[in-house]
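Heads up: the structure comes next, in structure tokens.
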Amino acid sequence: MLSQTLSGKWQFRQTQTDDWLPAQVPGGVHTDLLALERIPDPFVADNEKKVMWVAEQDWEYRRAFTVEADILAEEKVFLACDGLDTLAEVRLNGQPLGQANNLFRRYEWEIKARLQPGQNEIHIVFPSTVRYCAARQTERPMMSVDQALTGGPYARKAPCHFGWDWGPMLPPIGIWRDIRLEGRSAARLDDVHLRQHHAGGKVTVTAAITTAIWGDAPLTAQLRLTAPDGEIFTTFAELANGSGALQVDVANPQLWWPNDYGDQPLYAVEVLLAAGGQQCDSRAYKLGLRTIELVQEDDQWGKSFTFFVNGKPIFAKGANWIPADSFLTRFPDESLEKLIADAAASHQNMLRVWGGGLYEEERFYDLCDRYGILIWQDFIFACAIYPLDEADFLQNLQQEVIENVRRLRHRASLALWCGNNENEWGWESWGWARPAYEDDLNALAEKMPVIKDMLWSLTRKPLADWRQLRDAYEKFYFATLPEWLATLDPDTAYWPSSPSSNTPFHDVNGQKMGDSHYWDVWHGRKPFTAYRGQYPRFMSEFGFQALPTLETINFYAEELDRNMTSYIMEHHQRGNHGNGLILAQMTATFRMPKDFAALVYLSLVLQAEGIRYGVEHWRRHINRVSGILYWQLNDCWPVASWASIDYFGRWKALHYAAKRFFAPVMLSILDEPPAMGLYVTNDSHTDWQGVVRWSLETLSGHVLASGEEAVSAGAYSVAASRDLNFAGQISDANKREVIFVAELWQGDTRLALNVANFSQPKHMSLVDPRLSAELRLDGGQLAIDLTAQSLAHFVELKLAGADVVFSDNYFSLPAGRTVRVSCPLPTGWSLAQATEALQLYSLYNSFA
């Protein structure tokens with residue numbers, strides 16, 4: 001197979017205008033207009049509103065090209081479009097070639113007979129998806145989220161492109177993936193299904209092959225597997241009728257493990273196709289040898305929901321993933337790798353690719369395979385009713401599922417296919433299936449049947465239509481989709497929705513079986529203590545918002561706008577009353593901030609503390625709770641959100657906290673003043689021994705009581721080290737001046753240093769901790785030794801003028817102890833510059 005790229009320089013214009021402008025492919029209308037300075041940056045201030053017209057218009061792209069001679073010499077020439085966003089009409093040399101209507105699909109047309117000598121022209125018109133969706137919504141309304149443009153469920157496009165409660169309303173348009181010519185002769189690989197069978201200490205890798213054939217030459221296939229150490233396993237087979245299977249046995253396999261559970265060796269796989277002895281096609285893969293199983297067994301609480309890898313239980317720790325940019329084609333590889341590496345650095349081993357986003361590009365899954373990040377992969381449906389009773393829509397979906405499952409099923413990281421995000425919950429609990437007026441209407445209709453039709457005509461839809469859509473939902477997610485997957489990928493578990501109990505419309509978000517979403521702390525305004533009343537089998541969503549870092553806010557808000565209730569700050573807050581919810585929890589926990597910088601700091605600390613509270617509780621119940629995925633890892637634009645890493649890749653306090661509360665061996669304090677419980681959670685596969693040291697002490701470091709306990713935590717278990725009650729030492733008179741400190745040690749290494757209060761932080765008698773720092777260089781790292789003379793609560797470190805990730809941050813430092821923190825020394829900096837740039841801040845500074 002030969003290929004000729006058509007990516008690169010194109011031209012584009014708004015339909016029915018005269019001027020053709022330069023464009024870049026892959027890309028999109030927004031990024032092309034930005035490059036030409038025809039629109040302002042939509043991420044700054046409220047410029048989003050000033051560019052919303054772009055998605056309401058029709059656009060067209062064109063490119064002239066000459067076909068390379070060796071491509072033309074092939075028997076067939078195809079135009080391959082890996083990604084068109086979203087509605088598209090493709091023309092070649094002025095003649096219609098085909099149409100596209102799905103962002104997630106690959107489109108291909110055989111074009112050799114349509115090519116002409118010399119110059120050819122490809123021309124693609126993109127009708128407005130926004131206008132199309134609005135028209136369909138008018139014809140037949142569909143439920144979807146409030147913070148979005150209408151009609152999104154009718155488009156096979158990332159739902160969040162239309163807006164979400166953390167994202168802008170900026171639907172991209174254009175050629176968003178590679179476009180090229182492919183020249184082929186004799187035959188090509190149509191499908192390669194790689195599978196692995198583990199037994200008796202060896203792994204058998206099979207490749208089931210189907211082909212498309214255009215000639216009579218005999219076909220042969222080769223499967224070649226190259227181990228990480230260079231050992232090669234290979235086999236050949238003749239393909240009768242264009243299909244066949246090959247297999248190789250790996251006697252001493254190097255197994256792939258999730259992050260923190262082992263290494264991630266990847267085998268290089270090549271499948272080569274030859275016709276009459278001449279190679280005509282090939283495919284290459286990276287394969288991790290492992291088994292993954294979702295185990296659901298009856299137990300005393302209901303039914304478990306535990307992932308097993310290579311026969312051993314894995315406690316899933318991670319976050320939900322959204323698209324990394326509203327305009328993905330401009331998101332660089334190094335930034336994407338940093339996000340995945342940062343997830344791994346905080347001990348995460350699973351990301352849920354959320355159903356309101358998209359099936360990610362190959363580069364994303366490549367990184368997850370390399371870094372040991374398991375993938376919970378939603379199909380792309382979220383928080384909406386979809387027209388699953390329409391035949392054309394279903395046919396489009398089937399091809400989408402086929403293409404994406406075939407593309408991803410070999411991935412070492414792929415752990416689960418999930419039908420959708422929260423749609424079943426909507427049918428059960430959000431009033432979609434049973435409007436609130438139904439009971440009253442039915443009762444009235446029984447008394448006065450003659451007015452029944454008139455009453456229904458006054459409501460938004462006949463009830464029968466909702467029942468039809470609900471029946472279509474049940475059929476698709478509980479029958480059709482799992483049937484497709486049973487054929488396409490029988491080796492990967494399927495789950496119908498998130499959350500779900502796997503019983504249609506029954507106890508969808510319960511805690512006896514399946515996964516759960518818990519939003520009562522954020523949307524329900526409950527205190528963080530409410531997390532301790534929840535015992536999900538697998539917590540796949542929960543979260544609390546924070547502002548992004550001050551440096552990120554400065555990007556989109558002018559100085560006068562840096563106020564929590566300013567127009568611009570609320571424009572960059574898409575959750576209903578989100579800033580008010582942050583402030584409510586903030587004032588319940590902390591003193592009023594003295595200025596805007598203090599408010600930003602407190603919002604970051606508040607988010608970290610809230611999520612820590614939940615995670616530590618659920619990890620103390622590892623025998624009942626099998627996974628925790630907080631909402632969310634990342635942002636697609638600069639905004640106040642639930643993310644632990646902001647749009648520019650800056651770690652918020654939550655991400656530093658995640659590095660601590662997701663550690664394989666975790667010390668936690670069950671603080672129920674005046675009682676304090678000490679727990680060590682070990683979710684690794686090996687036993688752990690160490691020491692817990694604790695002290696009851698004043699803010700200035702005077703020790704009132706102390707102790708030391710040897711602790712042994714078996715593999716995948718929790719050890720309750722000590723329950724302490726200080727009722728005799730703590731009173732109303734001193735509770736604001738006393739803290740409980742716990743440290744986890746293994747040999748001479750301190751693994752954790754935790755502080756618990758006996759009163760709310762806002763009531764503590766904090767004084768200036770008089771933080772001091774001693775800096776030195778250690779190779780390319782800047783080492784910082786910190787000490788305090790009184791408790792320094794939630795210490796924040798920054799290097800003014802540089803974005804760095806510290807080894808730890810936003811931690812509490814009791815008096816009389818030294819904590820060493822490190823970070824890379826910025827390029828070109830001296831020790832003196834770093835010393836001058838270091839900024840230290842703690843809770844005391846937020847009000848004093």
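Could you tell me whether any residue of segment 767-787 is under 25 Å from Leu670 (Cα atoms) and surrounded by 13 or more Cβ atoms within 10 Å (Cβ to Cβ)? Checked against the condition, which is being under 25 Å from Leu670 (Cα atoms) and surrounded by 13 or more Cβ atoms within 10 Å (Cβ to Cβ), segment 767-787 yields no hits at all. When Pro96 is tested against (1) of a type outside the set (A, V, I, L, M); (2) open to solvent by 20 Å² or more (accessible area, probe 1.4 Å); (3) at positive phi, only condition (3) is not met. Is one or more of the residues making up segment 16-26 under 23 Å from Arg177 (Cα atoms), in a helix (DSSP H, G or I), of a type in the set (Val, Ile, Thr) and under 28 Å from the mean Cα position of the chain (by Cα)? No. Within segment 110-125, is there a residue that is open to solvent by less than 10 Å² (accessible area, probe 1.4 Å), at pLDDT 95 or above, on the phi < 0 side of the Ramachandran plot and among the small types (Gly, Ala, Ser)? No, segment 110-125 contains no residue that is open to solvent by less than 10 Å² (accessible area, probe 1.4 Å), at pLDDT 95 or above, on the phi < 0 side of the Ramachandran plot and among the small types (Gly, Ala, Ser). Is it fair to say Ser731 is open to solvent by less than 70 Å² (accessible area, probe 1.4 Å), out of contact with any Phe, Trp or Tyr (no Cβ under 9 Å at 6 or more places or on another chain), at pLDDT 95 or above and within 30 Å of His621 (Cα to Cα)? Against the criterion (open to solvent by less than 70 Å² (accessible area, probe 1.4 Å), out of contact with any Phe, Trp or Tyr (no Cβ under 9 Å at 6 or more places or on another chain), at pLDDT 95 or above and within 30 Å of His621 (Cα to Cα)), Ser731 does not qualify.
Given the condition touching an Asp or Glu at 6+ places or on another chain (Cβ under 6 Å) and of a type in the set (Ser, Thr, Tyr), answer yes or no: does some residue in segment 256-265 qualify? The answer is no; no qualifying residue exists. Segment 207-294 holds strands (runs of 3 or more DSSP E) entirely within its bounds, and those carrying 3 or more residues that are open to solvent by less than 30 Å² (accessible area, probe 1.4 Å) map to 219-226, 243-250, 267-275, 278-287.
In the set (1) under 21 Å from Ala658 (Cα atoms); (2) open to solvent by 10 Å² or more (accessible area, probe 1.4 Å); (3) in a loop (DSSP other than H, G, I, E, B), the condition left unmet by Gln585 is number (3). Checked against (1) in contact with a helix residue (DSSP H, G or I) (Cβ under 9 Å, 6 or more places away or on another chain); (2) in contact (Cβ under 8 Å) with a residue 40 or more places away in the chain; (3) aliphatic (A, V, I, L, M), Ala584 passes all but a single condition, namely (1). For segment 523-537, a residue qualifies if it is in contact with a strand residue (DSSP E or B) (Cβ under 6 Å, 6 or more places away or on another chain) and either open to solvent by 10 Å² or more (accessible area, probe 1.4 Å) or of a type in the set (Ser, Thr, Tyr) (or both), and exactly one does: Gln534. You will find that of Ala88, Ala135, the residue that is open to solvent by 30 Å² or more (accessible area, probe 1.4 Å) and either more than 16 Å from Asn396 (Cβ to Cβ) or modelled with pLDDT of 95 or more (or both) is Ala135 and no other.
Of all the listed residues (Asp325, Asp378, Asp366), the sole one being of a type in the set (D, E, K, R), buried (at least 24 other Cβ atoms within 10 Å of the Cβ) and within 22 Å of the chain's Cα centre (by Cα) is Asp378.
Taken over segment 129-167, the criterion of being assigned to a loop (DSSP other than H, G, I, E, B) and more than 30 Å from Gly578 (Cβ to Cβ) is satisfied by Arg140 alone. Regarding Gly183, is this residue under 17 Å from Ser282 (Cβ atoms), open to solvent by less than 20 Å² (accessible area, probe 1.4 Å), at pLDDT 95 or above and of a type outside the set (A, V, I, L, M)? So Gly183 fits the description; yes.
Looking across segment 211-260, the residues that are more than 18 Å from His193 (Cα to Cα) and acidic (Asp, Glu) come down to Asp216, Asp229, Glu231, Asp260.
Within segment 538-579, the set of residues being open to solvent by 40 Å² or more (accessible area, probe 1.4 Å) and not charged (D, E, K, R) comprises Leu550, Asn554, Phe555, Leu560, Asn563, Thr565, Tyr567, Asn576, His577. Evaluate segment 413-421: report whether one residue or more is more than 26 Å from Ala55 (Cα to Cα) and open to solvent by 20 Å² or more (accessible area, probe 1.4 Å). Within segment 413-421, not a single residue is more than 26 Å from Ala55 (Cα to Cα) and open to solvent by 20 Å² or more (accessible area, probe 1.4 Å).
Of the residues making up segment 44-71, those that are over 28 Å from the mean Cα position of the chain (by Cα) and loosely packed, with under 15 Cβ neighbours inside 10 Å are Lys50, Trp53, Glu56, Ala64, Thr66, Glu68, Ala69, Asp70. Close contacts from segment 504-524, counting a first residue that is in contact (Cβ under 8 Å) with a residue 24 or more places away in the chain and of a type in the set (Val, Ile, Thr) and a second that is outside any loop (DSSP other than H, G, I, E, B) and surrounded by fewer than 23 Cβ atoms within 10 Å (Cβ to Cβ), with Cβ to Cβ under 6 Å and a gap of 6+ residues or different chains, come to Val508/Trp425; Val508/Glu428; Val521/Ala530. If the condition is being out of contact with any Leu (no Cβ under 9 Å at 6 or more places or on another chain), open to solvent by 40 Å² or more (accessible area, probe 1.4 Å) and either farther than 15 Å from Ala815 by Cα or among the charged types (D, E, K, R) (or both), then segment 684-714 contributes His685, Thr686, Asp687, Gln689, Glu708, Ala710, Ser712. Tell me, please, whether a residue that is surrounded by fewer than 16 Cβ atoms within 10 Å (Cβ to Cβ), in a loop (DSSP other than H, G, I, E, B) and free of Cβ contacts under 8 Å to residues at least 40 places away in the same chain can be found in segment 828-837. The answer is yes, given that some residue of segment 828-837 is surrounded by fewer than 16 Cβ atoms within 10 Å (Cβ to Cβ), in a loop (DSSP other than H, G, I, E, B) and free of Cβ contacts under 8 Å to residues at least 40 places away in the same chain. State yes or no: is Gly200 without any contact (Cβ under 8 Å) to a residue 60 or more places away in the chain and open to solvent by less than 20 Å² (accessible area, probe 1.4 Å)? No; evaluated as a whole, the condition is false for this residue.
When you go through Ala640, Ala653, Ala658, Ala663 one by one, which is the residue that is within 19 Å of Leu374 (Cα to Cα) and buried (at least 24 other Cβ atoms within 10 Å of the Cβ)? After applying the criteria, what remains is Ala658. What about Tyr477, is it aromatic (Phe, Trp, Tyr), within 19 Å of Arg352 (Cα to Cα), open to solvent by less than 60 Å² (accessible area, probe 1.4 Å) and free of Cβ contacts under 8 Å to residues at least 60 places away in the same chain? It is true that Tyr477 is aromatic (Phe, Trp, Tyr), within 19 Å of Arg352 (Cα to Cα), open to solvent by less than 60 Å² (accessible area, probe 1.4 Å) and free of Cβ contacts under 8 Å to residues at least 60 places away in the same chain.
Residues considered: Arg722, Arg736, Arg693, Arg750. Of these, the only one that is of a type outside the set (Phe, Trp, Tyr) and modelled with pLDDT under 95 is Arg722.
The values are calculated or read from the model by the stated rules, or taken from the named source; none is laboratory data. It should be emphasised that the depicted structure is a prediction, and the values quoted were computed from it without experimental measurement. FYI the Cβ positions are ideal-geometry reconstructions off the backbone, even for glycines, and counts take in every protein chain you see. We work out accessible area using only protein heavy atoms, side chains counted, and drop any ligands, DNA or RNA first. Shrake-Rupley method; radii C 1.70, N 1.55, O 1.52, S 1.80 Å.
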